[in-house]
Amino acid sequence: LGTRSGITRFSYASVPMDESLAEASIDLVKRPFWKLVLSIKRNTIEDISKEDLEHFFQSLLQNLNSCVHLTVKYGDNDHHKVEAAIKSLAVAFREASSYDKKQKGIPSTKGSM
């Protein structure tokens with residue numbers, strides 16, 4: 001993303017996966033903050049530990065150097081919850097990092113991020 005010049009910067013996505021719904025909101029500002037609510041109930045999902053799944057998301061969000069809120073709103077199947085979370089984050093990130101034709105320079109009133 002470099003200086004993040006010309007990007008959309010903000011985005012959000014709500015993604016359903018059968019009975020589950022996840023939402024991701026992102027600001028690609030260069031200030032790290034993240035809030036993660038996966039609501040996983042089982043200790044493993046298809047041979048992957050709950051701890052490893054949570055660690056993956058935490059590591060990704062900590063190192064993204066952006067503000068991200070990723071929440072599973074509801075669901076019964078833990079696999080569907082995680083899949084909806086991944087897809088909502090991907091959709092929100094794709095939109096926030098996309099080029100905005102109307103944006104001139106860095107998308108900040110301060111002129112830097």
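The values are calculated or read from the model by the stated rules, or taken from the named source; none is laboratory data. The shown structure was predicted, so the numbers you read here are calculated from the model rather than taken from an experiment. Using ideal geometry, Cβ is built from the backbone for each residue, glycine included, and neighbour counts are taken over all protein chains shown. Keep in mind that these areas ignore ligands, DNA and RNA; they rest on the heavy atoms of the full protein, side chains included. Shrake-Rupley method; radii C 1.70, N 1.55, O 1.52, S 1.80 Å.
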Q | Residues (among the charged types (D, E, K, R) and either within 11 Å of Y74 (Cα to Cα) or under 15 Å from the mean Cα position of the chain (by Cα) (or both)) located in the range 1-17 | A | R9
Q.
Looking only at residues that are among the hydroxyl-bearing types (S, T, Y) and within 17 Å of L89 (Cα to Cα) in the range 1-49, which one is modelled with the lowest pLDDT?
A. T8
Q: Assess whether S20 counts as being hydroxyl-bearing (S, T, Y), in contact with a helix residue (DSSP H, G or I) (Cβ under 7 Å, 6 or more places away or on another chain) and either open to solvent by 30 Å² or more (accessible area, probe 1.4 Å) or on the phi > 0 side of the Ramachandran plot (or both).
A: no
Q: Six or more apart or on different chains, Cβ under 9 Å: which pairs go from a residue in the range 48-67 that's under 18 Å from V29 (Cα atoms) to one that's polar (S, T, N, Q)? Could you list them?
A: C67/S25
Q: Take the range 55-73 and flag every residue that is in a strand (DSSP E or B) and buried (at least 19 other Cβ atoms within 10 Å of the Cβ).
A: V68, L70, V72
Q: Residue by residue through the range 23-49, note down the ones that are more than 16 Å from the chain's Cα centre (by Cα), hydroxyl-bearing (S, T, Y) and open to solvent by less than 70 Å² (accessible area, probe 1.4 Å).
A: S49
Q | Out of D52, D76, sole residue that is open to solvent by 50 Å² or more (accessible area, probe 1.4 Å), modelled with pLDDT of 95 or more, in a loop (DSSP other than H, G, I, E, B) and over 14 Å from A13 (Cα atoms) | A | D76
Q: Could you tell me which residue of the range 1-14 is farthest from D100 (Cα to Cα), considering only residues that are open to solvent by less than 20 Å² (accessible area, probe 1.4 Å) and among the aliphatic types (A, V, I, L, M)?
A: A13
